Amino acid sequence: MAVADSIKFDVYFDYQCPFVFRFAGLLDSVRRSGREVDVGWRYFSLTQVNSKNDGWTVWDAPASEKVRGRLAFQAAEAARRQGRFAAFHRPLLLARHRDRLDVDEPSVVEEVAQAAGLDMGRFREDVADPSILRALARDHTDGVTLHGVFGTPTLVFTDGASAYVRLADPVDGDGAARVFDRLLTVAAGEPGILEIKRPRRPARE
């Protein structure tokens, strides 16, 4: 597969996932190198995937119930309603994975939202709006039923090809574009390869 100068795909993600954080960092590095990458970020709840309770969903659970990861999705969609998703998305990932903050805490999420320039009155109203979770329900359900998504991050390309990607380590600097191109060659260009998993060598004493 020849890698185009610009490429478009969706990424199913959960803010709790460290592999999403690493992939988002790779994308940032690739963009800084001058490449055009058009990404549609789609919500996908790992809490929902790991639930053993048939019939229970993250999006229909009562607001009074503490549900891991749900607040971050609500906040992201509230930012999207203000046209500020991009300004909010990366900082929330940084808060969770670089700064080790609890993004299930309203004070943490609000601090990120304020720094991203959101209208805080509207933000709080939207986060509390029960309909805010419809986007999560839609994206998650479409991910499972249309694309077979089971984990994050999963890339879905315009031709229907998809791939679940886990980077072992953060990739930055000059090597980012090379890693990204190789990843796309397999993920988008070789749909017959279903899985490549590297074994971990045992630690030597």
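What follows draws every value from the coordinates through simple rules; no lab data is involved. What you see is a predicted model; the values in this text were computed from it and never measured. Methodologically, a virtual Cβ is constructed for each residue, glycine included, from the backbone with ideal geometry; neighbour enumeration extends over all protein chains shown.
Using a 10 Å cut-off on Cβ atoms, rank the peptides 124-132, 43-51 from the highest mean neighbour count down. Don't jump to the answer; show the numbers that get you there.
On the way: 124-132: 14.6, 43-51: 19.7.
Top to bottom by mean Cβ count within 10 Å: 43-51, 124-132.
For the chain, with only Lys/Arg (+1) and Asp/Glu (-1) charged at the beta-carbon, what is the dipole magnitude about the Cα centre, in debye rounded to 20? Numbers along the way, then the final one.
On the way: 29 positive and 30 negative charges, 111 e Å.
Result for the chain is approximately 540 debye, rounded to the nearest 20.
Using modelled backbone amide H atoms (1.01 Å from N, in-plane), which distant-in-sequence or interchain residues come within less than 5 Å of residue 41's amide H?
For residue 41, whose amide H was placed from the backbone, the distant partners under 5 Å are 11.
Among 56, 41, what is the fewest-to-most ranking by other Cβ atoms within 10 Å? If you can, show how the numbers build up before the last one.
Numbers: 56 12, 41 18.
Fewest-to-most ranking of 56, 41: 56, 41.
Normalised by the residues of segment 30-91, what does the relative contact order come to in percent, with Cα pairs under 8 Å and at least six apart? Mind showing how you got there, number by number?
On the way: 21 pairs, mean separation 13.6, N = 62.
Relative contact order, segment 30-91: 22 percent.
For segment 118-124, take each phi angle, set θ = phi - 60°, evaluate the Karplus expression 6.51 cos²θ - 1.76 cosθ + 1.60, and give the result in whole Hz per residue in order, putting x for glycine and proline.
7, 6, 6, x, 5, 4, 5
Between [x] -0.55, -0.84, -0.92, -1.22; [y] -0.45, -0.76, -0.88, -1.35; [z] -0.37, -0.65, -0.76, -1.31, which entry matches log10 I(q)/I(0) by the Debye sum over Cα atoms at q = 0.10, 0.13, 0.14, 0.18 Å⁻¹ as derived from the coordinates of this structure?
Given [x] -0.55, -0.84, -0.92, -1.22; [y] -0.45, -0.76, -0.88, -1.35; [z] -0.37, -0.65, -0.76, -1.31, the structure-derived one carries the label [y].
Which ³J(HN,Hα) values, rounded to whole Hz and listed in residue order, are derived for segment 173-187 from phi using the Karplus coefficients 6.51, -1.76 and 1.60 in 6.51 cos²θ - 1.76 cosθ + 1.60 with θ = phi - 60°, glycine and proline given as x?
x, 5, x, 5, 4, 5, 4, 4, 5, 5, 4, 5, 4, 7, 5
In deg cm²/dmol, rounded to 500, what helix-only [θ] at 222 nm does the chain give when every DSSP H run of at least 4 residues adds -39500 (n - 2.57) and the total is split over its residues? Walk me through the intermediate numbers first.
Details: 8 runs with 91 residues, N = 205.
Mean residue ellipticity, 222 nm, calculated: -13500 deg cm²/dmol.
Using only Cα atoms and rounding to the nearest 10 degrees, what angle (0 to 90) does helix 134-147 make with the longest principal axis of the chain?
30 degrees
Where does helix 106-115 land angle-wise versus the long Cα axis of the chain, in degrees 0 to 90, nearest 10?
With rounding to tens, the tilt is 70 degrees.
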